[in-house]
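What follows is a set of notes on a single structure, which appears directly below.
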Amino acid sequence: MTVLPALALAAAVAAQAPAPPPDAALQAQLATIAAAHHGKVALFARNLSTGQTAALDPDEPVPTASVIKLAALYEAMEQLRAGELRWDEKLTLTKADQVQGSGVLVFLDTPATLTVKDALTLMVTVSDNTATNLVLGRLGLARVNARMRSIGLTQTTFYKKVFKPIEGPIPPEQPQFGLGRTTAREMAELMTRIVRCRFGPGDTAPTEADRAVCSVALEMLRNQSDRLAIPRYLETVDSSEAGSAIAHKTGAVDAARNDVAALATPNGTIVLSIFTHDNADHGWSVDDEGDLTIARLARCVVQAWSPRGLDASKGF
């Protein structure tokens, strides 16, 4: 008979145990914060150790803004582990590739050469739109969306390259969602897969090679430069020196602010997926209402599930 290591046995038992009932007090607090927001809110949270969950309209389709770049990151991870892509593979940046919006590549002289890892790092850490398009050009947009379907994410769709015309027939719902569509629950599932290093349609334990790919991707997400939403009230260290307990990807357009994160805590990893849309506040100040609402919701979840806060040393 095979004897499982203690941690693996505990994880197996936890997976078979029924999920704890929703925390009524936490749900009430989250609902109150969402009701005060001048716009719409969707949220899904799960503690990966305890199975606790919290939700607000978790299955409502929402516009992603740049959060959809997580789908491109995951597809890149799949292609890397399959040997179809290499971190050091060279991509060439031309003038025609440069698009406006977030990022730094738009300011560089062209032609320029960068690696796949460089492009993915820029796509994640500073949400570089030009880097995103280079990544999509290499991965294949259709493959990104096919991957989402293969892992059961039926709503998550990356419609087009950033600031580029959509290729092929325009889906009737695309103008409503812009760059991408998802739900809070589906994006939480995608972040969970990245954190737990799960590939393919099942839940197969990762190999050491898989973990090496995931480690690099998580480091990118831990160095996300936009700290105005989920990290606002939770980050208490200089993450550039100490390393962040938050691995996340943000997204913002005029009427939407979104943030999807994994939080390392003494009480287990919390995955938190929050979307605000149809927002009345279309401004771009550091105190945008969408970011503030997300920050308040995140603080509420962490105070309920991990009163001692975050702890990067615990890992994800």
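What follows draws every value from the coordinates through simple rules; no lab data is involved. Note that the coordinates shown come from a computational prediction; the quantities given were computed from them, not determined experimentally. Reconstructed Cβ throughout: ideal geometry from the backbone, glycine too, with neighbour counts over all protein chains shown.
Numerical summary
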| item | result |
| --- | --- |
| Complete set of residues in region 270-305 that are farther than 17 Å from Leu228 by Cα, surrounded by fewer than 23 Cβ atoms within 10 Å (Cβ to Cβ) and touching a residue at least 60 places away in the same chain (Cβ under 8 Å) | Asp278, Ala280, Ala304, Trp305 |
| Residue match in region 94-101 (condition: part of a helix (DSSP H, G or I), touching a residue at least 12 places away in the same chain (Cβ under 8 Å) and exposed (fewer than 12 other Cβ atoms within 10 Å of the Cβ)) | yes |
| Region 280-306, subset hydroxyl-bearing (Ser, Thr, Tyr) and touching a strand residue (DSSP E or B) at 6+ places or on another chain (Cβ under 8 Å), residue farthest from Ala28 (Cα to Cα) | Ser306 |
| Which numbered condition Asp109 fails, given (1) more than 18 Å from the chain's Cα centre (by Cα); (2) under 24 Å from Glu84 (Cβ atoms) | (2) |
| Qualifying residue in region 149-163 (condition: surrounded by 13 or more Cβ atoms within 10 Å (Cβ to Cβ), under 21 Å from Ser225 (Cα atoms) and touching a residue at least 60 places away in the same chain (Cβ under 8 Å)) | yes |
| Among residues of region 187-211, those that are without any contact (Cβ under 8 Å) to a residue 40 or more places away in the chain and either closer than 14 Å to Leu153 by Cβ or crowded, with 20+ Cβ neighbours inside 10 Å (or both), counted | 3 |
| Count - residues of region 26-68 that are in contact (Cβ under 8 Å) with a residue 40 or more places away in the chain, out of contact with any strand residue (DSSP E or B) (no Cβ under 6 Å at 6 or more places or on another chain) and either of a type outside the set (A, V, I, L, M, F, W, C) or part of a strand (DSSP E or B) (or both) | 7 |
| Residues that are among the polar types (S, T, N, Q) and within 17 Å of Asp259 (Cβ to Cβ), drawn from region 37-66 | Thr64, Ser66 |
| Breaking point among (1) touching a Ser or Thr at 6+ places or on another chain (Cβ under 7 Å); (2) within 30 Å of Lys314 (Cβ to Cβ), for Val162 | (2) |
| Among (1) of a type outside the set (A, V, I, L, M); (2) within 26 Å of Asp57 (Cα to Cα); (3) in contact with an Asp or Glu (Cβ under 6 Å, 6 or more places away or on another chain) - the single one Cys197 does not satisfy | (2) |
| Any hit, region 94-103, residues being touching a Phe, Trp or Tyr at 6+ places or on another chain (Cβ under 8 Å) and of a type in the set (Lys, Arg) | no |
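One line per residue, one yes/no per condition, for (1) loosely packed, with under 12 Cβ neighbours inside 10 Å; (2) of a type in the set (Lys, Arg); (3) assigned to a strand (DSSP E or B):
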position: Gly83; (1), (2), (3): yes, no, no
position: Trp87; (1), (2), (3): no, no, no
position: Leu91; (1), (2), (3): no, no, yes
position: Thr110; (1), (2), (3): no, no, no
position: Ala119; (1), (2), (3): no, no, no
